[in-house]
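The values are calculated or read from the model by the stated rules, or taken from the named source; none is laboratory data. The structure presented is a predicted model; accordingly, all values stated were derived computationally and were not measured. Using ideal geometry, Cβ is built from the backbone for each residue, glycine included, and neighbour counts are taken over all protein chains shown. These accessible areas exclude ligands, DNA and RNA; they are computed on the full protein's heavy atoms, side chains included. Shrake-Rupley method; radii C 1.70, N 1.55, O 1.52, S 1.80 Å.
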Amino acid sequence: MTALRRMPALPSPALPRDIVAARSVQADPRWPAIVDALAALREKHRHAVRIVDADCGCGTFLIAVARHAHGMGFTAIEGRGIDGSPALIGRARAAAMRLRDRAIGLRFDLADMHTALADEAEFPADIIVWHGANADDAVMAALTAAADRVIADRISRERAA
């Protein structure tokens, strides 16, 4: 009788990086508010949207939001990511270079958040996403001045019209 040899298990096929990123982004607590904000803009027949991620890290979240906006029918999506880490901004820029969608324009800036938000206040974005939840009054004022709607981990505020 011959002994059966056990073959090593084959590794399961890895999910493409984009699918894994999209799943983790959709699990973010800010995702439902972002989808609602984009839907409200589409209901107003908007075809262009401007989104700022005030703590963008490596850009995964902003890229996913921009892709989702395009999937909802926006034909011009402008995104700006702001972060204070050169390494993370470098990764975000590299990820943006791989994005091949003419409807989406992304810019990732190495900047101090307060200075960048003051610049944004001149032409407020439609949506600012921010990863912080415990904002002091100065940060909250800068965020709300720079966008029509601020979406953070635990807050979602619209600017008074």
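Tabulated results
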item: With all protein chains modelled, accessible area of residue 114 [1.4 Å, Å²]; result: 90
item: Förster-model FRET efficiency, 30 Å R0, residue 45 and residue 102, C-beta, rounded to 0.05; result: 0.90
item: Solvent-accessible surface ranking, highest first, for 30, 102, 67 at 1.4 angstrom; result: 102, 67, 30
item: Computed accessible area, residue 75, all protein chains, 1.4 angstrom probe, square angstrom; result: 90
item: Theoretical gain in end-to-end length, residue 115 to residue 153 [0.36 nm per residue, Cα-Cα removed]; result: 11.5 nm
item: Whole-percent carbon and sulfur share, accessible surface of region 30-154, 1.4 Å; result: 53
item: Solvent-accessible heavy-atom area per residue, rounded to whole Å², over region 42-161 at 1.4 Å; result: 53
